[in-house]
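Inspection log for the structure reproduced underneath, given as C-alpha cells.
The values are calculated or read from the model by the stated rules, or taken from the named source; none is laboratory data. Predicted, not measured: the structure shown is a model, and the values here were computed from it. No Cβ is skipped: glycine too gets one built from the backbone with ideal geometry, and neighbour counts run over all protein chains shown. When the accessible area is computed, the model is the full protein with side chains, heavy atoms only, and any ligands, DNA or RNA have been set aside. Shrake-Rupley method; radii C 1.70, N 1.55, O 1.52, S 1.80 Å.
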Amino acid sequence: MDTTSNRISGRLLSLDFLRGFVMVLLAIESTGLYDYLYEHSKGEPFNNFIIQFTHHPWHGLHFWDLVQPAFMFMAGVSMAYSLNKQWSSGVSWGQSFKKTLKRCGWLFFWGVLDYAVRPKGLSFYLWDVLTQLSFTTLVAFLIFRWSNFAQIMVCVGLLVLTEILYRFTNVPGFNMPFTDQHNFGNYVDTILMNQINPDGWVAINCIPTAVHTIAGAMVGKLLISGKDKLRTLLIAGLVCLVLGYGLDASGVTPIIKRIATTSFTIASLGWCLWFLALSYWWIDIKDHRKHWQFFTIVGMNSLFIYLFFEIVGSRWFTGYITFISNGVLSWVNAGDLLKAIVAAICVFGLEWLLCYFLYRKKIFFKL
C-alpha cells in the first residue's frame with residue numbers, strides 16, 4: 001500500500017485497521033466458531049479465554065461487549081473526516097445535513113431488514129446496531145459544530161436522561177431499573193415492537209450509546225487538528241475507565257452492556273479511546289503501515305461485509321460452505337472440532353477474498 005498517497009488523501013489508516021479488525025472478529029463470530037469453542041471447552045482453562053468472545057450474561061464486561069461501542073465510536077471518527085472533507089471542498093451545512101439524513105435512513109432500513117426475515121415470517125425489530133447507529137449519527141451530526149464543552153454536556157445529559165428513565169418512571173412490572181425483563185427499556189420495547197428481547201437487549205440503547213458516536217466525532221476533529229493527540233486520547237481514556245468502573249464498584253450503577261448503563265457506556269468509551277490511541281501510535285505515528293493490509297482491506301468496506309455476513313451469510317452462504325467443508329472432511333473421518341475450525345476458515349476466507357476483490361477493483365460501498 002502506498003503510504004505517500006495515503007498521507008496525501010488524509011486517510012487515517014489506524015481507523016481503517018480498527019474497523020477491519022472489528023469486522024474480522026464479527027465475521028468469524030458469524031461462522032459460529034466462538035460459540036462452538038465456548039460450549040466444547042467448558043471446564044477447561046481455554047474456556048476462560050474464549051468466554052471473552054461472548055457477551056456477558058448481565059452484570060459485567062467481556063471483551064466482546066466492546067465490539068458495538070467500538071463500531072459506533074469509529075463511525076463518529078469517520079464522520080469527522082468525512083465532514084471535514086466535504087466542508088473543505090465547499091459543501092454547505094445544509095447539503096451535508098441532507099446527505100446525513102439519507103445515510104441515517106439507509107442505516108435504519110438495513111438495520112430493520114437484518115432482523116426482518118425470519119423463518120416464521122416478517123418481523124419488525126429495532127435491536128440491530130445499524131438502527132441504533134442511524135439515531136446516534138444524526139445526533140452527532142447536529143451538534144458537530146458545537147464546542148467540545150457543549151458536546152460533553154450533551155453526552156452528560158443523555159446519560160442523566162437514561163438514569164432518570166430507568167430509575168424514576170416506575171411503570172408497573174417494569175420498575176426494576178437493572179433487572180432483566182423488568183426494566184424501562186423492556187417496557188419501551190413492548191410499545192415499539194409489542195415484545196421483549198429474550199436476551200435483554202433494548203432499543204433505547206441508542207440514547208446512551210449516542211455518547212460513543214459523539215465522542216468519536218470529537219476525537220476525529222482532534223486527530224485532524226495539530227494538537228497533542230496521543231496524550232489527550234490516553235488521558236481521556238483513563239478518566240473514562242476510572243469513572244465507569246468506579247460507578248460500578250461503588251454500587252451506583254452496575255456495568256450492564258445489554259441495557260447500556262451509564263457505567264458501561266463510560267467504561268467502554270475508555271477502552272475505545274485506548275484502542276484507537278494504541279493503533280494511532282503504532283500505525284500513523286510509528287509508520288508501521290505495511291503489515292496491516294489484511295485488516296484494512298476489510299475496514300475499507302466494513303458496512304458491505306457486515307451486511308453480507310449478517311444477511312446473506314446467516315441465511316445461506318455460511319451454511320452452504322459449512323455443508324461442503326464438513327462433507328469433504330467426513331471422507332477422512334475428521335472430528336467435530338476440526339470440522340468447525342475448517343468451516344470457519346473457509347467461510348471467512350471467501351468473505352475476505354470478496355473484500356479483496358472489491359479493494360482491487362476500487363469499489364467501496366458507502367451510504
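Sorted by accessible area (1.4 Å probe), largest first, how do VAL22, VAL332, VAL154 line up?
On the way: VAL22 15, VAL332 105, VAL154 35 Å².
My answer, sorted largest first, is VAL332, VAL154, VAL22.
Highest mean first, how do 337-343, 96-102, 205-211 rank when packing is the count of other Cβ atoms within 10 Å averaged over residues? Working shown, then result.
Numbers: 337-343: 17.0, 96-102: 14.7, 205-211: 25.6.
The packing order, highest mean first, is 205-211, 337-343, 96-102.
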Quick calc, the chain, dipole around Cα centre from Cβ unit charges on Lys, Arg (+) and Asp, Glu (-), nearest 20 debye, gives 1480 debye
Computed for region 209-261: size of charge dipole around the Cα centre, +1 on C-beta of each Lys and Arg, -1 on C-beta of each Asp and Glu, debye to nearest 20, value 180 debye
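What is the dipole size for region 22-114, taken about its Cα centre, with +1 at each Lys and Arg Cβ and -1 at each Asp and Glu Cβ, in debye to the nearest 20? Kindly include the intermediate steps, with their values, before the conclusion.
Details: 6 positive and 6 negative charges, 160 e Å.
Here region 22-114 has a charge dipole of around 760 debye.
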Expressed in angstrom and rounded, the centroid-to-centroid distance over alpha carbons for region 263-335 and region 142-167 is 31 Å
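Rounded, prolate or oblate: pick one for region 261-319, where a ≥ b ≥ c are the square roots of the eigenvalues of its C-alpha gyration tensor, a/c under 1.5 means rounded, and failing that, prolate if a/b is larger than b/c, else oblate.
It is oblate, given that a/c is not under 1.5 and a/b is not larger than b/c.
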Projected onto the charge dipole of region 190-304 (unit charges on the beta-carbon of Lys, Arg, Asp and Glu, signs +1, +1, -1, -1), the Cα from MET218, LEU243, ALA260 with the largest positive-side position is that of MET218
Row for region 109-252, column shape: gyration tensor on C-alpha, a ≥ b ≥ c, rounded if a/c < 1.5 i.e. under 1.5, prolate if a/b over b/c, else oblate; value oblate
Taking only the Cα positions of the chain, the convex hull volume per residue in Å³ is 164 Å³
Note, region 357-363: 3J(HN,Hα) by Karplus (6.51, -1.76, 1.60, θ = phi - 60°), whole Hz, Gly/Pro = x, goes 4, 5, 5, 5, 8, 6, 9
Sorted list, accessible surface of protein heavy atoms, 1.4 Å probe, largest first, for ARG289, ARG103 is ARG103, ARG289
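Using the per-residue mean of other Cβ atoms lying within 10 Å as a proxy for protection, in what order, highest first, do the peptides 256-267, 296-307, 48-59 fall? Before the final figure, lay out the partial values.
On the way: 256-267: 25.8, 296-307: 22.3, 48-59: 15.5.
Sorting 256-267, 296-307, 48-59 by mean packing, highest first, produces 256-267, 296-307, 48-59.
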Everything considered on the Cα gyration tensor (a ≥ b ≥ c; rounded for a/c under 1.5, else prolate if a/b is larger than b/c, else oblate), region 210-267 must be described as oblate
